[in-house]
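Structure record follows, encoded as structure tokens.
The values are calculated or read from the model by the stated rules, or taken from the named source; none is laboratory data. Model, not experiment: these values are computed from the prediction. Glycine gets a Cβ as well: all are built from the backbone with ideal geometry, and neighbour counts include every protein chain shown. With ligands, DNA and RNA removed, areas are computed over all heavy atoms of the protein, side chains included. Shrake-Rupley method; radii C 1.70, N 1.55, O 1.52, S 1.80 Å.
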There are 2 protein chains.
Amino acid sequence: MDCKAALDASNGDMEGAVEYLRKKGLADAAKKAHREARDGMVSAYIHPGSKLGVLIEVNCETDFVARTGDFQQLVKDLAMQVAGVATTAYVSREHVPAAVIEKEREIYREQMADQKKPAQVLEKIIDGKLERFYTETCLLDQPFLKDGSGKVKIKDLVDQATARLQERVVVKRFVRFQVGEA
Amino acid sequence: MDCKAALDASNGDMEGAVEYLRKKGLADAAKKAHREARDGMVSAYIHPGSKLGVLIEVNCETDFVARTGDFQQLVKDLAMQVAGVATTAYVSREHVPAAVIEKEREIYREQMADQKKPAQVLEKIIDGKLERFYTETCLLDQPFLKDGSGKVKIKDLVDQATARLQERVVVKRFVRFQVGEA
């Protein structure tokens, strides 16, 4: 899709052509979900003192995008987020094993065992606690620490990068090592 | 154990005192295996181009030793070793799951299925292949790349550091991320 084709499609009207391209862009964004993100970068954050470190892999579609300052800043921010939130264990809630979720539900149920509330109310409370569990353990569900407002989620940060870079951006994996744990 | 005590123990003979201390040191080394290595450092190596990265945790007993250049050089060398050898998957052969070893043996057996050799000869060949598998996949069993002679194993490197630093030195864990793999 080049500019001439866009101008043709909007009968030579420049504003119309821009709008056409933007709409085209949005259509492409929907298609992106099926494209493969096989390039990207591996980045590390070592906290001063060297007792805590994070390694993260974030994928995009091309080496060209992987080399942009924009993408690299995102990866750096994500690595620092993982370092800053000790409870971070999974990329997203889809990555939490079913057995872990069931175990959490069990713990919540036991915590409220002596509360005389209707079963459906208890289930709603359990859902709420599970939601908090996701926010603590799943990177994409966490509020972005560096933002500070609590309103920007990591998921938003990644979505915004996808929109700006016009490529799929996927947090592939990370690890967080802290001396003395485990 | 101070120098005066050592001199007393060797009746004031300086050379004898040094020998006494060295023997004492060796005795301490044997004791070290039971001491806990809970301090240490986390270090990263990112290969130029940022498509490959390693995060490693190496433990020692005190923050004092963790801050020495000697210890930090060791950790850096180990991280680069893991980066340099794509097959590195375990810290030592003790960390390889029994199921993985059994699977390897099975593959070797199938590879030699049509060879008419006595069973005990085949088993010896399988043992040899398994030994090579350990050398490829287990960090401590690998020859130290940077040395180049092929005669220094990573295990030796760690043992030498233990002797110099007079503390237990333990490779706790590592990961190796390469963009596009898995």
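What the table shows:
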| item | result |
| --- | --- |
| Output for the stretch A:116-156, where each listed residue is closer than 21 Å to A:Ala89 by Cβ and small (Gly, Ala, Ser) | A:Gly128, A:Gly150 |
| Any chance A:Ala99 is at pLDDT below 95 and surrounded by fewer than 16 Cβ atoms within 10 Å (Cβ to Cβ) | no |
| Those residues of the stretch A:130-180 which are of a type in the set (Asp, Glu) and open to solvent by 60 Å² or more (accessible area, probe 1.4 Å), in sequence order | A:Glu131, A:Glu136, A:Asp147, A:Asp159 |
| Long-range neighbours under 6 Å by Cβ, at least six apart or interchain, first residue farther than 16 Å from B:Tyr45 by Cα within the stretch A:37-49, second small (Gly, Ala, Ser) and open to solvent by 30 Å² or more (accessible area, probe 1.4 Å) | A:Arg38/B:Gly180 |
| Some residue of the stretch B:111-130 being within 30 Å of B:Leu74 (Cβ to Cβ) and not in a loop (DSSP other than H, G, I, E, B) | yes |
| The one condition in (1) without any contact (Cβ under 8 Å) to a residue 12 or more places away in the chain; (2) under 24 Å from B:Phe177 (Cβ atoms) that A:Lys103 fails to fulfil | (2) |
| Of residues in the stretch B:55-89 being at the interface with chain A (Cβ under 10 Å from one of its Cβ atoms) and more than 16 Å from the chain's Cα centre (by Cα), the one most open to solvent (accessible area, probe 1.4 Å) | B:Arg67 |
| Residue, farthest from A:Leu140 (Cα to Cα), within the stretch A:65-82, restricted to residues that are among the β-branched types (Val, Ile, Thr) and assigned to a helix (DSSP H, G or I) | A:Val65 |
| Qualifying positions in the stretch B:67-83 - in contact (Cβ under 8 Å) with a residue 60 or more places away in the chain and closer than 21 Å to B:Leu52 by Cα | B:Leu74, B:Asp77, B:Leu78, B:Ala79, B:Met80, B:Gln81, B:Val82, B:Ala83 |
